[in-house]
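Read through the structure below, which is laid out as structure tokens, and then see the notes.
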Amino acid sequence: MVRHFLDIHRLDAADLRAILDDAHARKQARKGWPQGRADADAPGKDRVLAMIFEKNSTRTRFSFDAAIRQLGGASIIATASDMQLGRGEPVEDTAKVLSRMVDAVMIRANDHEDVERFARVATVPVVNGLTDRSHPCQILADLLTIEEHLGPVEGKTIAWVGDGNNVCHSFMHAAPKFGFRLNVACPAEYHPDLRDLEKGGAYVHLTSDPREAVQGADVVVTDTWVSMGDQDYEARLAAFEPYTVDEALMAEANEDAVFLHCLPAHRGEEVTDAVIDGPQSLIWDEAENRIHAQKAVLAWCFGGA
């Protein structure tokens, strides 16, 4: 059976825990190594990862490329406009062709349904590198970062402040799987999709008050207020102004609380310089951990963990 990694809510908690534990182990095992050296077990040896980008990317592109190399494999990178996808070739036809040419496919897509369609006919693993609905790889990197600094995430309280977007959805998917509480603060008109909120169940609390959300939180997370494709820039800035993560808001969280942001950040909007560059910020560890989390995802897709 082909192992796809499309959404966190689709996987068993035991599999997700195994992937995260593998990410911890792989990072520890290569301390001090050059980035291009393959892991000792090289589970990606002789394997090729295709990466398809419909959206601009820095962290996803470089981290997945580094990940497959560190697993001992190779990558082929293309934008949709480089391919016949950009000229209207059906997603299913592309999936069938690439399944005969590579060993796995990572897609950073505009439409979540396109990734679903691709995976339905692909005979190799498909990894969701980001869609309009979810960003599961980012959340594994975030949880890896949290556990490195605060210990097991189970029982912790994470506060999400800002837009109820794709990253927020994946945090909600992860809460019941890993046993943490998620407080989500956002304006009513920008709340998360109720289908994804339902997947979080009793582990997720929704509010419009950012201070209520961060009270007693171990982690405070935010993201840009205006994502690629959003057309209502001015309306969003007005609605989200009270949701800026500043020093006063961080002071409402636990004393040793940490700050996360998946980047890129709009400094002075969703977060102030004092917070993102301050001692509580773990954003650079978080960005680096995309490599290690995605290595563990790919290793799992190849049959490991």
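The values are calculated or read from the model by the stated rules, or taken from the named source; none is laboratory data. On a predicted model such as this, the values are computed, not experimentally measured, just so you know. Neighbour counts run over all protein chains shown; Cβ positions are idealised from the backbone, glycine included. SASA here: full protein model, heavy atoms, side chains in, ligands and nucleic acids out. Shrake-Rupley method; radii C 1.70, N 1.55, O 1.52, S 1.80 Å.
Quick look at the values:
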{"read-out": "Angle between the chain longest axis and helix 283-301 axis [Cα atoms, degrees, rounded to 10]", "value": "40"}
{"read-out": "The range 1-160 - percent of accessible surface contributed by carbon and sulfur, probe 1.4 Å", "value": "48"}
{"read-out": "Check: the range 203-283 dipole with +1 on Lys, Arg Cβ and -1 on Asp, Glu Cβ, in debye", "value": "140"}
{"read-out": "Area of His4 that stays accessible when all protein chains are in place (1.4 Å probe, Å², to 10)", "value": "50"}
{"read-out": "Surface accessible to a 1.4 Å probe, Val258 within the full protein complex, Å²", "value": "10"}
{"read-out": "DSSP-defined beta bridges in the chain - what % are antiparallel, rounded to 5", "value": "0"}
{"read-out": "Spatial separation of Cα centroids for the range 1-52 and the range 95-157, in angstrom", "value": "12"}
{"read-out": "With Cα atoms, 0 to 90° folded angle of helix 112-121 axis to the chain main axis", "value": "30"}
{"read-out": "The chain, helix-only ellipticity at 222 nm - DSSP H runs n ≥ 4, -39,500 (n - 2.57), divided by all residues, nearest 500", "value": "-12000 deg cm²/dmol"}
{"read-out": "Alpha-carbon centroids, the range 266-297 and the range 177-241: separation in whole Å", "value": "18"}
{"read-out": "Whole-number percent relative contact order across the chain, with pairs defined as alpha carbons under 8 Å at least 6 apart", "value": "21"}
{"read-out": "Translational D in µm²/s for the range 90-186 (Stokes-Einstein at 37 °C, 0.692 mPa s, Kirkwood Rh from C-alpha pairs)", "value": "222"}
{"read-out": "Surface accessible to a 1.4 Å probe, per residue, for the residues of the chain, Å²", "value": "42"}
{"read-out": "Per-peptide average of other Cβ atoms within 10 Å, ordering 287-296, 269-278 highest first", "value": "287-296, 269-278"}
{"read-out": "Normalised per residue, the volume of the convex hull around the Cα set of the chain (Å³)", "value": "125"}
{"read-out": "Gaussian network model of the chain, springs between alpha carbon atoms under 10 Å - residue of Pro125, Pro210, Pro242 with greatest fluctuation", "value": "Pro242"}
{"read-out": "Accessible surface of the range 232-305 [probe 1.4 Å, protein heavy atoms]: carbon and sulfur percent", "value": "51"}
{"read-out": "FRET E, pair Gln231, Arg87, Förster distance 22 Å, beta-carbon r, rounded to 0.05", "value": "0.30"}
